[in-house]
Amino acid sequence: MMAIFFTKDQKLSFAIEKNFKIVRILKQLGIRPGFGEKSINDVCHSNNVSPDLFTAILNMTTYTDYEVDSESLSILPTTQLLNYLKLSHKEFINKDLPYIEHSLKEMLSSPDFSYSHSSVFIGFFDEYKSELLSHFDYEDSIVFPYVNGILEGEKFPGYSIEKFKENHTNIESKLSDLKNILLKYFPFSKPYPILYDIVENLYQLEQEFENHAYLEERLLVPHVEFLERRNN
Amino acid sequence: MMKRVHSIAIIESSQIIREGISKLILDSTSSFYPVNKYENIENFISASQVADIIIINPNLYVSNNQLFKDVLSIAPGSKIISLISCCLPDSLNDKWDESISIYSTQKEIIEKLRGLVEKPVGTLKQVEIVSDQYDLSERELEVLISVAKGLTNKEIATNHNISVHTVMSHRKNIIKKTGIKSISGLTVYALINGFIDK
């Protein structure tokens, strides 16, 4: 029988069959492979991962109509959630972006392209990259330490997660411009298989960014709002 | 992230079954709304309410196939789920996108509804920027060039003797036609197409 949403007593392998994007979540939560036919609950316990956090992330990544109830929100393991988000940032910064940057620059260095076109486009990519890096850096160095602080009962006059919520910028929009220009407007004189690989990677990254922002806005923010109310 | 809600029409003569299915759906998810209920096909047709998914009991048209055709013709884009309550001739089977029975569980029903409206994650998404037109008009091109050069809306309005409101409407059209939203993206577009020099 099928479940309406993923539940803790289902097999982890079943969830992965339904949505292969979960594989990336396993990596970021540090779950050991070789889990056989164990349930989500058992796999989480033997890997010291909160089954509640894991199922919340699974469901939010898979179903757009999944809502975390307020009780689950209040008992989420804050540190694990922060670690997950931090590791996602690392993955974006150290793996996804360099890969795209490398293939893009290698492609554009070919004599098939005019130097002026390539340099304009690379300039646009570099600008986007530095915006991304500062977006992640703000979260890593301001927002996450703030959350750690209130977890320990510290007070931060003048700052609250509300500020983060208001200023959380959309990092996908320029990414979408990148792939649109590359796919539709960049002059190619012949078929270019690598271009399509890059565009596909950009689409995947865009989706990862969307999922990531969704978790920050729909899981982290309401959870931290709960912690803030508890502190006051 | 956009959340799309899908409407449902239930066409079934038994009130208990109509109300029951409607409750099972509404209780379990907010993805399906509204759920309208009709006692027979005639009522559905005269209500002329669009529905993304129509759940219909084939007994209502098994003796008069024209009625089913009428449903399809007023709701051409709708997905059809048959609601099976007894044995049916095989010839009917291929007309539905999906089927449920009066013994289906809540989970089965929701899974089938989802299966009809949701593609696997990431393969189909809402596209916000669409325009049927392709080329930029002369005015839009002028505005694009000014935007790419870094001029503000007010400066562009003054230079071209148009209102700021008109500038903004040209900019919206440029975004719709090119699919490019950021100013630096539009600058790259203008440079690559030779509309401006570096």
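Computed values, structure above
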| item | result |
| --- | --- |
| The protein assembly as shown: translational diffusion in µm²/s, Stokes-Einstein, Kirkwood Rh over Cα pairs, 37 °C, 0.692 mPa s | 128 µm²/s |
| The stretch A:1-97: chymotrypsin sites (Phe, Trp or Tyr not before Pro) in DSSP coil with no more than 12 other Cβ atoms inside 10 Å | A:20 |
| Most positive-pole-ward Cα, B:96, B:161, A:40, against dipole of the protein assembly as shown from beta carbon charges | B:161 |
| Proportion of all alpha-carbon pairs of the stretch B:6-117 beyond 16 Å (%) | 54 percent |
| In the stretch A:77-168, the trypsin sites (Lys or Arg not before Pro) that fall in loop regions by DSSP, at most 14 other Cβ within 10 Å | A:155 |
| Per-selection metrics, chain A (Cα): Rg and Dmax in Å | 20.2, 64 |
| Of A:58, A:6, A:231, farthest towards positive along the dipole that unit charges on Lys, Arg, Asp, Glu beta carbons give the protein assembly as shown | A:58 |
| At least 18 Å along the helix axis (C-alpha) and Kyte average at least -1.0, DSSP helices within chain A | A:78-91, A:115-138, A:193-215 |
| Among A:116, A:88, A:141, residue whose mean-square fluctuation peaks in a GNM of chain A (springs only between Cα atoms under 10 Å) | A:116 |
| Rg to Rh, two decimals, where the stretch B:138-192 supplies the alpha carbon set and Rh follows Kirkwood | 0.93 |
| Computed log₁₀ I(q)/I(0) - Debye formula, equal Cα scatterers, no solvent, chain B, q 0.08, 0.11, 0.15, 0.18 Å⁻¹ | -0.48, -0.66, -0.85, -1.12 |
| About the Cα centre, charge dipole magnitude for chain B (Lys/Arg +1, Asp/Glu -1 at Cβ), debye | 760 debye |
| Debye, to nearest 20: dipole size of the stretch A:12-67, +1 on Lys, Arg Cβ, -1 on Asp, Glu Cβ | 300 debye |
| Set A:129/B:154; A:21/A:90; B:69/B:107; A:95/B:181; A:21/A:179 screened for pairs whose C-alpha atoms are more than 23 Å apart | A:129/B:154; B:69/B:107; A:95/B:181 |
| Cα convex hull of the stretch A:1-57, projected area averaged across orientations, nm² | 3.6 nm² |
| Area projected by the alpha carbon convex hull of the stretch B:1-49, averaged over all directions, nm² | 3.6 nm² |
| Computed magnitude of the charge dipole of the protein assembly as shown (debye, nearest 20; Cβ of K, R +1, Cβ of D, E -1) | 260 debye |
| Sequence-distant residues sharing a close amide H with residue B:54 (under 5 Å, placed H) | B:9, B:79, B:80, B:81 |
| Estimated D of the stretch A:1-117 in µm² per second, where Rh is the Kirkwood radius over Cα pairs and Stokes-Einstein applies at 10 °C, 1.306 mPa s | 97 µm²/s |
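Where a number appears in this text, it was derived from the coordinates with a stated rule and is not lab data. Nothing here was measured: the structure is a model prediction, and the numbers come from that model. Positions of Cβ are backbone-derived with ideal geometry, glycine not excepted, and every protein chain shown enters the neighbour counts.
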